[in-house]
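A short worksheet on the structure shown next.
No value in this document is a laboratory result; all are computed from the given coordinates. Computed from a prediction, not measured in an experiment: that's the story for all the values here. Here the Cβ positions follow ideal geometry from the backbone for every residue, glycine too, while neighbour counts run over all protein chains shown.
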Amino acid sequence: MSLTQTINMSLNGLKMRSIETQIASANILNAGQEGYSKKTLIQVPVISAGFGLGTEISDIKRNVEMSLVRDINISTSDLGYHEVKSEFLQRCQTLLGTVDGQNDISYLLGEFANALARASNDPTSASLRSLVVQSAKNLTERINDVVKQAQQIRAEADASLENHITRARQIIEDTHRINKEIRSKTGTPGIFTNDLQDKRDTLLRELSSIMYIQVLPRQTGDYFVGTAAGQALVNVEPIVLTYERFFGAMNPFVSYENGDFENVAVSGINATENLKSGRAKGLVEIRDSIVPTIQNQMDAFVEKIRDTVNALHNLGTSFENNQTLNGTRSLGPTAADAGLEILSWSGTVRLATVGANGNFDRIVDIDLNDPTLVSVNDLITRINTSFGSSVASIDATGHVVLNAGSGKGVSIGSKDGAAPATINLNGRDYGFSHFFGFNDLLVTDSTVAGDNILGISQKFSVNTKYLTQPELLNFGILNSSILANPSGTPQQRLAATSGDSLNALQLSNSINKDSFTFEAVDGLGSQTTTLTKYGAILTAHLAGKTSVELTAVKFHEFLNHDAKQRLYNQAGVNIDEEVQSLTTIQLSYKASAHCHSVAKEMFEHLVRAFTR
């Protein structure tokens, strides 16, 4: 080997050691940085005319296996999915409170029942009657607040979905740009794309936390990135991911099925169903499934509370004259439409007007089995004819109204020895007063079972009549006896005195003691229990779902950490190894420098020898 070759080889060695030093230093500097992979210089020998001339760079390699990258992306996507569900479920659980909390719905329902029980001991007490109304108001307002905030959570989930999709679109654009740069540089001598590949992997890891992705490497160095169904997100041509939140007022009737929410779209093609996992999928489930499930459960619960309380309250009568009974059920958009309504009724209803002295002014028994009673107009006519005055009417919005006249009260009950009046709706029988809603204590937009109950918990309230006049609460039961006086004129009186509080006690028992069967509602199985206990079951059911998600988060955190650790073990930087490598490089550098120095000195001696 000539001295020139020796000098060139030593210079080559110095150059290679310098590059190795730069790479090792960069490895140490970026150790522990998310997404950074260890870089290794790959060298190949340079041979000319059978002589070695040193080495040259073949590649700067990063030791990253795609299978490990795929495992991290999948586990990151699953973790993001469960994390966002857990976050929002915990907020929903906070809304309902705890089973033993004083703001829990079951607790407030129990307080309502307790107020009724106390009022049954002294139904003439103004303070106890006011307490009943206030406890009912506390219950309805708490339920209103729960479902209102639940809809707010839906709106926030939808807004968060838009933000995540916006970020995903930016990631896709950045990845497309990096792909293009890698593709243009791949195969160019002396140009390496390792740092670009690290950056791309980091971006795609963030993208996988938002939505499930498939990553397929190409020979040109770029990636194809697609959804779970294979829709391209990153390809040769630019692709746009879009979503815009719902800007209207969120309510139970707003749904994806109704077309109120836009699709998560990939270049205009629906990809909502292809999200599979990731935070975007979790947010869609919160918006479209989890919160609506809570709404449906609350609506079903409110329906049961409303119908149970109103059914009994409508059986009773107040101890104070109630001049006007306004029905809460609209039978049609107008009075004319309501009058033509044909109902399935039977039995006998007793209507009574009561004077200021508590004596009956007039008692009327209406036999609903009479074949001439077909429509609501027929019923109105029969009532007015029987009383000899206009007691019954239909208002402009289709509600039946009973008015006893100035200074009088009107009561509804059953005729002794006759079958009570019932009105059948969708296969279920309701009392006469209950069906029309004459004495409804708790009201919603939908009056009795069989109507669409979606969203009724948002409109759940105490009848304004009782808020302003709690003395009109129906704590007594209408009964009548006809006593012949010496003149032969019937004396009619109210048998339900101020000491008769049977209906108040029945109302309390219906909430705290009586068992009801609750049908399965969106994941919660059929239950036979009391109203108060069912409220606690709803709270506990949501707490259970939240606990499951918290456990899932911990499990997927472990899987994600394990996948990252496996990649780190393969591609991560070990500082001790890099420091040792620097020591070796330094020794090699010194050897190359010494070789170069000796060869240069020999060359100089030769030059001087030939020039003498």
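Below, the figures for the structure above:
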item	result
Overall dimensions of the chain as given by Cα atoms, namely Rg and Dmax in Å	40.7, 167
Debye intensity ratio I(q)/I(0), log10, the stretch 64-121, q values 0.13, 0.18, 0.21 Å⁻¹ (C-alpha model)	-0.58, -0.74, -0.83
With Cα atoms, 0 to 90° folded angle of helix 66-96 axis to the chain main axis	30
Cα-based Kirkwood hydrodynamic radius, the stretch 524-607, one decimal, Å	19.8
Two-decimal log10 I(q)/I(0) for the stretch 332-389, as the Debye equation yields it once each C-alpha is a single scatterer, q = 0.30 Å⁻¹	-1.19
Non-local Lys pairs in the stretch 519-612, i.e. 8 or more apart or on different chains, that have alpha carbons under 19 Å apart	4
Whole-percent pair-distance distribution, where bins are 5 Å wide, for the alpha carbons of the stretch 154-205	4, 19, 21, 17, 11, 9, 8, 5, 3, 2, 1
Inter-centroid distance (Cα atoms) of the stretch 530-562 relative to the stretch 330-403, Å	52
Cα gyration tensor category, rounded, prolate or oblate, for the stretch 78-160 with a/c compared to 1.5	prolate
Cα-projected label distance for residue 242 with residue 337, points at 7 Å along beta-carbon direction, nm	3.9
Stokes-Einstein D in µm²/s, Kirkwood radius over Cα pairs - the stretch 224-323 at 4 °C with 1.567 mPa s viscosity	74
Radius of gyration and Dmax over the Cα atoms of the stretch 526-570, both given in Å	18.6, 60
Segments 398-404, 165-171 sorted - mean Cβ within 10 Å per residue, highest first	398-404, 165-171
Extent along principal axes [Cα atoms of the stretch 264-380; Å; largest to smallest]	75, 33, 23
Cα gyration tensor, the stretch 141-300 - rounded (a/c under 1.5), prolate or oblate	prolate
Volume in Å³ per residue [convex hull over Cα atoms, computed for the stretch 125-167]	31
